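Worksheet: one structure, shown below.
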């Protein structure tokens, strides 16, 4: 899941300072699971902003709404009537949601109420750990389902560095050494000898370093009459 967290309240108030009527828009998937942008968080933030504005003698209006996903047109379409009535949208979704809203409604300012942190696993209540950097060239079959790119502090591909100690990374005594985890799991699976095969240097051309990435599935594409072309603002 995409892990997000709310921006500091002072920063949010700074962003909305020039607008009188604001739609606070939540997202019902990743942001909800992160306890940062679901219906409850929308209500709580709206209440705080109303009180803060009232304390300063302001007259701002805050609309509240949460859709299933901010990153898909069909769910954004349902808020079109609300968007026409506001001066700005404060998105409690990830960076993809913010950009999708901005593309769908180009005439209305869209403000990010959250910071997008990483793709992670909810390990327990209130704790998420980064597990994937979306490098575009997955090698989890070679590393026992444990990603050395995301979970090794140095993104090493051919075993641990000399800094790990007692199974912990030198970066922090609370951080497991990813390669120790890989070795232990490969041993359990009877596949430890596979580490004798040297992995070549990482091909980063499939990562974000090469610019904006796109995946086109011709078997899933709509007809040209139905599809929304890239950059179409869907006015």
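The values are calculated or read from the model by the stated rules, or taken from the named source; none is laboratory data. For clarity, every value in this text was computed on a predicted model and none was experimentally measured. Using ideal geometry, Cβ is built from the backbone for each residue, glycine included, and neighbour counts are taken over all protein chains shown.
Return yes when residue 48 is surrounded by 20 or more Cβ atoms within 10 Å (Cβ to Cβ) and either touching a strand residue (DSSP E or B) at 6+ places or on another chain (Cβ under 9 Å) or assigned by TED's automatic domain parsing to the domain that holds residue 85 (or both) and no when it is not.
no
Taking the stretch 7-28, which residues are under 17 Å from residue 101 (Cβ atoms) and touching a helix residue (DSSP H, G or I) at 6+ places or on another chain (Cβ under 9 Å)?
Those that are under 17 Å from residue 101 (Cβ atoms) and touching a helix residue (DSSP H, G or I) at 6+ places or on another chain (Cβ under 9 Å): 7, 12, 16, 22, 23, 24, 25, 26, 27, 28.
Could you count how many residues in the stretch 181-208 are part of a loop (DSSP other than H, G, I, E, B) and surrounded by 14 or more Cβ atoms within 10 Å (Cβ to Cβ)?
Looking only at that region, the number is 3.
Working only within the stretch 97-118, note down all residues that are within 12 Å of residue 4 (Cα to Cα) and surrounded by fewer than 17 Cβ atoms within 10 Å (Cβ to Cβ).
Residues satisfying the conditions are 115, 117, 118.
Pairs only if they're at least six apart or on different chains, beta carbon under 6 angstrom, first in the stretch 138-151 and more than 23 Å from residue 117 (Cβ to Cβ) and not assigned by TED's automatic domain parsing to the domain that holds residue 201, second buried (at least 16 other Cβ atoms within 10 Å of the Cβ) and at pLDDT below 90; list them, first residue then second.
none
Where the second residue is part of a strand (DSSP E or B) and exposed (fewer than 15 other Cβ atoms within 10 Å of the Cβ) and the first is free of Cβ contacts under 8 Å to residues at least 40 places away in the same chain and lies in the stretch 117-136, which pairs have Cβ atoms under 8 Å and are six or more apart or on separate chains?
Partner pairs satisfying both residue conditions: 129/121; 129/123; 131/121.
Need a quick list: strands (runs of 3 or more DSSP E) entirely within the stretch 1-110 having at least 1 residues that are modelled with pLDDT under 95 and within 29 Å of residue 131 (Cα to Cα).
Result: 2-6.
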